[in-house]
Amino acid sequence: MAYVALYRKWRPASFDELVGQEAVSRTLSNAIESGRIGHAYLFSGPRGTGKTSTAKILAKSLNCQNGPTLHPCNSCDSCRSISDGSAMDVREIDAASNRGIDEIRDLRETVKFAPQSGHYKVYIIDEVHMLTTEAFNALLKTLEEPPERVLFILATTEAHKVPATIQSRCQRYDFRRITVDDIYGRLKLVMENMQVPAEPEALRMIAVQADGGMRDALSILDQCAALMTGDTLTAETVQQLLGLIGKEWVNKLADAIAARRAADILHHVDELLKNGKDLQQLLSELAMHFRSLMIYQAAGTIDGTELYTNTEEVLRHQSKMFSHERIMAVISRLHEAMNEIKWSPQPRITVEAVLLELCHEPAVLAPSVADAPVQTGQDDERIAQLEARLSQMARAVEKLKELGAGAAPAQLKKKVAVSKPLPPPASKAYSFPAPDAAAQNVWRQLQEKASGPLLASLGNARLLGMDDRYFGLVFSKAASKMVVEKMNRKSIEGYLLEITGKSLGLYCSLNEHPSDPPPPPLQKKHIEFPEFEDFTSNDIMGGDVDLDNLSEEEQQRLQAAQDIFGGHIMEIPPEEDFE
């Protein structure tokens, strides 16, 4: 007897054997039991999900000698002829090769005749979306009002291409992709019936590669059974047949990307090519692996969600090595690479370049704060300082509110400064420590943030040094020093605050031994107090104040202002001293 392919041998023969389409089988079963059989059905869904099989099951259920019945006997003449395609009352039409108006006109002529041996005359039109517009128009009237005991079943993988006028005349049933677990269970049943042992991992790999289609899964299983060299179907056999990269190699590549080991990446790619692996498949499986990491990071293992890497230990370990942002960037770059290698004259170079790009971490793939080591001690110290400062300011504000507004002193002998500049160095010969790695890193980041004339001027500068108060640069050209110091001081000091988290003053020099650097710009704060609306700027910033003759209330107000703005009282020489 001639060999029968597994997908034909194991085609469902009843609604009970239909896998993964419980809603469809239950609805059709209820219709048969109640006698409410429609005259036209539209079955839509992906390939290999059971559309044609369901159509034949429905035809057998209606034409079985015991029918209409939910359980066709599959042994009577009608059931056997429908199964082998020789039934006169069940006509299966391939619309891909019979898509013209002439074929539909022939169909319209034959539907007039009554069934010969069964109860119903059934027309199964497969891939109905391939019919021409004229053919659809010719079918409309017959589909809407067919003769008695005539049933149309239209099957398609692209329901959106079927005209709305056709769909409105049919009962539509959408077939969904069959889950990996359902396919795995069916494959296990087939192998047990064949009395061939199979590794669970091998069957699961086939179920994943079938992409929701039972026919594809059985076809792959048929190939693997022919390729077997031993008594057991192993995962290695399936991997060899399908050309899969394998989870072991994918895990190695992911580890190398995380650790930025470029040499290991190139070595792994070379080994895979020597083993005859496909580069497109490599990128595809790597993207599926990072999808698993993305899902695991977001929600852990979810029931019903098939992950490429189903070992939770691997997911837990590697999800700690990548930030969420980096995983998303890697997946995006891998998808771009899949399109690039289709047109690349040298796909290997493209793949190696992409993997090295992921390894060497360009700007788009820069690690987030989650990737960087957390300096807990320094962060806690800074937070404590900020909290203390905030508490001090809150107490001072409350004190000012309690005191209320009052007139400023009229007799002025000294000026009050509420800003807090850094004190000048103790000696005139101020020198910076030799630039270390941290200072060089700040200098590099400062150059990256600059642009235009500022960047050109910084090109004529050299790092002088950095301490806790100042950031020093030495220039070879006076013009560049002027552009940086006079025109862009605020911008640079803002960059320094952003980079270092410290309020550093900028110092620019034209020689190796600078004099005292100027203090950094005043940290201006704007706080509104409605109680002080009658104050003038001269009351706060200028005028002679006899501190010894201030009243207790005025001294408290002055002290509260110092607490808020962080200032101190200092003598300011007359204006002629500045000339």
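Please treat every number below as a calculation from the coordinates, not as lab data. For clarity, every value in this text was computed on a predicted model and none was experimentally measured. Backbone-built Cβ (ideal geometry, glycine too); neighbour counts: all protein chains shown.
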Checklist outcome for this item: Normalised per residue, the volume inside the convex hull of the alpha-carbon atoms of the range 247-365 in Å³ amounts to 100 Å³
Next on the checklist: If each residue of separation counts as 0.36 nm, what is the full-extension length gain between K112 and D278 once their alpha-carbon separation is subtracted?
Outcome noted: 54.2 nm
Checklist outcome for this item: Hits in the range 35-77: amide N under 11 Å from the 7 Å Cα→Cβ extension of H119, namely 35-37, 60-72
Item to check | Inter-probe distance in nm under a simple model that places probes 7 Å from Cα toward Cβ, at N251 and Y3 | outcome: 3.5 nm
Item to check | Calculated Rg and Dmax of the range 180-242 using C-alpha coordinates, Å | outcome: 10.1, 28
Checklist entry - So what's the net charge close to N460: Lys and Arg +1, Asp and Glu -1, counting the other residues with Cβ under 9 Å from its Cβ? => result +3
Checklist outcome for this item: Placing +1 on each Lys and Arg Cβ and -1 on each Asp and Glu Cβ in the range 207-311, then taking the dipole about the Cα centre, the residue among L241, H267, H289 whose Cα reaches farthest towards the positive end is H267
Checklist entry - Picking from T350, S332, V314, whose Cα lies most toward the positive end of the charge dipole for the range 247-365 (charges on Cβ: Lys, Arg +1; Asp, Glu -1)? => result T350
Checklist entry - Want the number for A23 to S332: 0.36 nm per residue separation, take away the alpha-carbon distance, what's left? => result 107.6 nm
Next on the checklist: Given Cα positions, please report Rg to Rh for the range 6-174, the hydrodynamic radius being the Kirkwood one.
Outcome noted: 0.93
Item to check | FRET efficiency for D467 and L242, using Cβ-Cβ distance with R0 set to 51 Å, rounded to 0.05 | outcome: 0.20
Next on the checklist: Suppose the chain between M487 and Q447 were pulled fully straight at 0.36 nm per residue; how much longer would it get relative to their current alpha carbon spacing?
Outcome noted: 12.8 nm
Checklist entry - What share of Cα pairs, in percent, lie more than 15 angstrom apart in the range 438-495? => result 43 percent
Checklist entry - Under 20 Å from the 7 Å Cα→Cβ point of D174, by amide nitrogen: which residues of the range 194-217? => result 211-214
Checklist outcome for this item: So, with points 7 Å from each Cα along the Cβ direction, the L497-E33 label distance in nm works out to 7.6 nm
Checklist entry - Just how large is the dipole of the range 6-174 about the Cα centre, in debye to the nearest 20, putting +1 at every Lys and Arg Cβ and -1 at every Asp and Glu Cβ? => result 160 debye
